[in-house]
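A short write-up of the structure that comes next.
The values are calculated or read from the model by the stated rules, or taken from the named source; none is laboratory data. Note that this is a predicted model, so its numbers are computed, not measured. Cβ sites come from the backbone with ideal geometry, for glycine too, and all protein chains shown count toward neighbours. Keep in mind that these areas ignore ligands, DNA and RNA; they rest on the heavy atoms of the full protein, side chains included. Shrake-Rupley method; radii C 1.70, N 1.55, O 1.52, S 1.80 Å.
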Amino acid sequence: ADEAYWLVQRYPAGVDLLVVDHYEWSAELEARCDGWARRLLVIDDRAMTSHHCHVLLDQTLGRDVAAYANLVPPSCEVIAGAHYALVRSTFPEARTRILPRRSSPGTVDRILVNFGGGDQGVLVGRALRAIQALDFSGRVDVVAAREPRCVDGDNVSFELRHHSGVDDMAALMADADIGVGAGGTSVYERLCLGLPSVVVVTAVNQSDQASALARAE
């Protein structure tokens, strides 16, 4: 489908702002929306492809504006780096309450496993088997589309709770002692709440961020 054509047909008067967060949108498609959209914001995290936009946001940790020097028009404003992370307001609101508790090392009683949307059953299963191998005896909260049925055997050492359609992820992260999750946007949610984490690269576009996290002090 031609998304640019569909948008113009659906909203013939144009829009004040068009936000593009899609790897398959090309600079040519973006250019066709210029004028119809008075401002065009592109969200990217790869710094590999050209864009035709007014503003480009890349929230990857360690990303520099110079990475887009030859990929966007000279007039484009590039906003780069983790201090521009797109984090819902519930996370900074919970931050001041949670961080003091994180400052004192304690026992690990709750682990949060969350690999994001979609069917992540394979990754959840691997995480649960790794936790079982440690003879963990606390509680494991799994956020997933389907109820996990991936731990070998019936006698697991931990309490397993499944969550779907979660509205307040900040609350789950606040109660956890360790998180296991993907290397995408949820990294910033866990960082905001000071949650120690095992980060798993689940897509190629997460590699830069995971590497930057590994190097960060």
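Which residues, counting only those in the range 176-196, are touching a helix residue (DSSP H, G or I) at 6+ places or on another chain (Cβ under 9 Å) and open to solvent by 50 Å² or more (accessible area, probe 1.4 Å)?
Answer for the range 176-196, where residues must be touching a helix residue (DSSP H, G or I) at 6+ places or on another chain (Cβ under 9 Å) and open to solvent by 50 Å² or more (accessible area, probe 1.4 Å): Leu191, Pro196.
Under 8 Å between Cβ atoms, at least 6 apart or on separate chains: pull out the pairs that start in the range 109-138 with a residue that is touching a residue at least 60 places away in the same chain (Cβ under 8 Å) and in a strand (DSSP E or B) and end on any residue that is among the hydroxyl-bearing types (Ser, Thr, Tyr) and open to solvent by less than 50 Å² (accessible area, probe 1.4 Å).
The qualifying pairs are Asn114/Ser186.
If Ser164 meets every condition in (1) open to solvent by 50 Å² or more (accessible area, probe 1.4 Å); (2) in contact (Cβ under 8 Å) with a residue 24 or more places away in the chain apart from one, which number is that one?
Answer for Ser164: the failing condition is (2).
So if I check each of Val204, Val199, Val113, which one is in contact with a strand residue (DSSP E or B) (Cβ under 6 Å, 6 or more places away or on another chain) and either buried (at least 20 other Cβ atoms within 10 Å of the Cβ) or of a type in the set (Val, Ile, Thr) (or both)? Can you show your working first?
Working: Val204 fails: in contact with a strand residue (DSSP E or B) (Cβ under 6 Å, 6 or more places away or on another chain); Val199 fails: in contact with a strand residue (DSSP E or B) (Cβ under 6 Å, 6 or more places away or on another chain).
That would be Val113, the only listed residue that is in contact with a strand residue (DSSP E or B) (Cβ under 6 Å, 6 or more places away or on another chain) and either buried (at least 20 other Cβ atoms within 10 Å of the Cβ) or of a type in the set (Val, Ile, Thr) (or both).
Can you pull out the strands (runs of 3 or more DSSP E) entirely within the range 1-91 that have at least 1 residues that are within 26 Å of the chain's Cα centre (by Cα) and loosely packed, with under 12 Cβ neighbours inside 10 Å? Show your work before the answer.
Values: elements: 15-20, 37-43, 55-58, 77-80.
Strands (runs of 3 or more DSSP E) meeting the threshold: 15-20.
I need the full set of residues from the range 92-108 which are of a type in the set (Ser, Thr, Tyr) and not in a helix (DSSP H, G or I), in order please.
Just the residues of the range 92-108 that are of a type in the set (Ser, Thr, Tyr), to begin with: 96, 103-104, 107.
Scanning the range 92-108 gives Ser103, Ser104, Thr107.
Of all residues in the range 139-155 being open to solvent by less than 50 Å² (accessible area, probe 1.4 Å) and in a loop (DSSP other than H, G, I, E, B), which is nearest to Phe115 (Cα to Cα)?
This residue is Ala144.
Yes/no per residue for (1) at pLDDT 90 or above; (2) among the hydroxyl-bearing types (Ser, Thr, Tyr); (3) within 20 Å of Gly62 (Cβ to Cβ):
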{"position": "Leu134", "(1), (2), (3)": "yes, no, no"}
{"position": "Val140", "(1), (2), (3)": "yes, no, no"}
{"position": "Arg146", "(1), (2), (3)": "no, no, no"}
{"position": "Cys150", "(1), (2), (3)": "no, no, no"}
{"position": "Gly194", "(1), (2), (3)": "yes, no, yes"}
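When the range 207-217 is examined, which residues are found to be open to solvent by 20 Å² or more (accessible area, probe 1.4 Å), in contact (Cβ under 8 Å) with a residue 12 or more places away in the chain and among the aliphatic types (A, V, I, L, M)?
Result: Ala210, Leu213, Ala216.
Would you check which residues across the range 116-138 are crowded, with 19+ Cβ neighbours inside 10 Å and within 20 Å of the chain's Cα centre (by Cα) and list them?
Gln120, Leu123, Val124, Ala127
So the check is Cβ under 7 Å with 6+ separation or different chains; which pairs have a first residue in the range 59-80 that's at positive phi and a second one that's open to solvent by less than 70 Å² (accessible area, probe 1.4 Å)?
Gly62/Ala212
Please enumerate the residues belonging to the range 60-84 that are modelled with pLDDT under 95 and either touching a Phe, Trp or Tyr at 6+ places or on another chain (Cβ under 9 Å) or under 20 Å from Ile178 (Cα atoms) (or both).
Passing the criteria: Leu61, Ala82.
Let me spell it out: the conditions are (1) of a type in the set (S, T, N, Q); (2) closer than 22 Å to Ser186 by Cβ; (3) open to solvent by less than 80 Å² (accessible area, probe 1.4 Å), and Thr96 meets all of them except one. Which number is the exception?
(3)
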